[in-house]
Amino acid sequence: MFDIKEYSGVAVFIEQFQGKIALVSLELLGAGRILADKLKVPLAAFLIGSQVSDLAAEIIQSGADIVYVVDKSTLKDYRTASYRQAVEKLVLKYKPEILLLGATTMGRDLGGAVATSLGTGLTADCTELDIDEAARALKQTRPAFGGNIMATIMTKRNRPQMATVRPRVMAARPKDPARQGKIIQEEVLDIDEKVKVLDFICQIKSEAPIEDAEIIVSGGRGMGGAKNFSLLKELADILGGVVASSRKAVDAGWVPASWQIGQTGKTVRPKIYFACGISGAVQHLVGMQGSDVIIAINQDKEAPIFKVATYPIVGDVLQVVPLLTKLFRERQS
């Protein structure tokens with residue numbers, strides 16, 4: 001019989017590919033550390049794959065107290081059934097009250113499969129996590145209704161409380177080489193997989209992904225048209241950054257969907273984010289409010305974007321951006 005009181009602790013599923021830990025997993029270790037400290041419980045990590053045991057030390061350095069390792073040659077490639085079985089076994093054996101996964105292709109697929117198998121709730125694409133200390137419940141916040149509101153969801157009757165978290169919304173902890181923890185090897189039985197991975201083909205992109213850029217120059221409806229995005233490209237090139245956009249610019253057909261920042265686009269955490277002609281709807285803020293420095297340019301002094309801006313500039317974006325480009329070019333020369 002299910003007893004909610006038997007469950008304690010926070011666990012993070014560690015996503016890795018070809019021996020490299022996904023950045024979102026390191027971010028979740030940072031978030032999980034905060035949650036575990038609030039609950040006064042250990043932070044565990046589930047590391048699954050083939051020849052992955054050497055990654056356990058890095059995981060401990062990043063905040064985990066315990067790393068449960070399932071290292072088998074049959075787990076070299078991700079497949080839903082075998083990874084679901086491994087995670088489910090660890091959950092049933094160690095009973096964490098919270099289980100976090102990245103909202104990636106793998107995490108979304110695995111999270112849904114594990115939650116269904118365990119009969120518990122799963123909140124997808126979270127942008128904020130916290131603890132309701134009175135209920136000892138995980139507060140899982142995500143955008144809803146197209147990003148127009150933020151909904152906070154709690155799983156009060158089932159365990160573990162599961163959430164997938166979007167990449168780049170949490171901060172990874174600096175690695176501490178002196179940090180100590182436990183590494184426990186676990187075994188799982190092989191299962192008859194219905195899917196066989198034949199090969200992986202990696203596509204090399206000519207430009208760095210927007211999610212990894214340290215400087216982003218983003219444009220919205222205030223840019224007035226597709227041709228004016230050339231002004232943003234010029235500024236981005238001077239600063240060594242990339243160009244992005246709001247949903248409204250994509251919907252207008254001015255820029256490709258791959259540039260979109262926001263709830264239905266990408267989440268970013270650059271060092272500097274230029275919001276050019278972007279009003280600052282909740283849908284967009286969700287994707288960029290974790291930026292270190294936000295420079296907002298808008299003619300409307302009441303624009304919501306100014307509430308999160310580090311440096312608000314009230315003015316015509318088509319005049320201000322060329323002036324900034326000229327200024328930065330002069331400084332560089």
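One chain, two ends: Ala57 and Glu330. Fully extended at 0.36 nm per residue, the span grows by 93.6 nm beyond their Cα-Cα distance. The modelled label-to-label distance between Lys93 and Ile4, using points 7 Å beyond Cα along the C-beta direction, is 2.7 nm.
Rg of the Cα atoms in region 116-229, relative to 2.2 N^0.38 Å, amounts to 1.57. Ranking Val308, Leu29, Val242 by how far each Cα lies toward the positive end of the dipole of the chain (charges on Cβ) leaves Val308 at the top.
If you restrict to DSSP beta bridges whose two residues both lie in region 256-333, what percentage is antiparallel, to the nearest 5?
For region 256-333, the DSSP antiparallel bridge percentage is about 0.
Taking other C-beta atoms within 10 angstrom as a stand-in for reagent exposure, Glu128, Glu211, Glu27 fall in the order Glu128, Glu211, Glu27, fewest first. The ranking of Thr104, Thr267 by Cβ neighbour count inside 10 Å, starting from the fewest, reads Thr104, Thr267. Size of the chain: Rg and Dmax of its alpha carbons, in Å, are 21.8, 72.
Of Lys20/Lys326; Lys248/Lys301; Lys95/Lys266, which pairs sit farther than 29 Å apart, going by alpha carbon to alpha carbon? Violating the 29 Å Cα-Cα cut-off are Lys20/Lys326; Lys95/Lys266. Kirkwood-type hydrodynamic radius, region 4-185: 16.1 Å, calculated from all non-identical alpha-carbon pairs. Listed by Cβ neighbour count within 10 Å, with the fewest neighbours leading, Leu26, Leu318 appear as Leu318, Leu26.
Running Debye on region 210-332 with equal point scatterers at the Cα sites and no solvent, what base-10 log of I(q)/I(0) appears at q = 0.09, 0.10, 0.14, 0.21 Å⁻¹? Taken in order of the listed q values, log10 I(q)/I(0) reads -0.19, -0.24, -0.48, -1.19.
Go through 7-19, 158-170 and give me the packing order, highest mean Cβ count within 10 Å leading.
Per-residue mean Cβ counts within 10 Å order the peptides as 158-170, 7-19.
The numbers here are math on the coordinates, done by the rules we state, and not lab data. Because the structure is predicted, anything quoted here is derived from the model rather than measured. Glycine also receives a Cβ, built like all others from the backbone with ideal geometry; neighbour counts cover every protein chain displayed.
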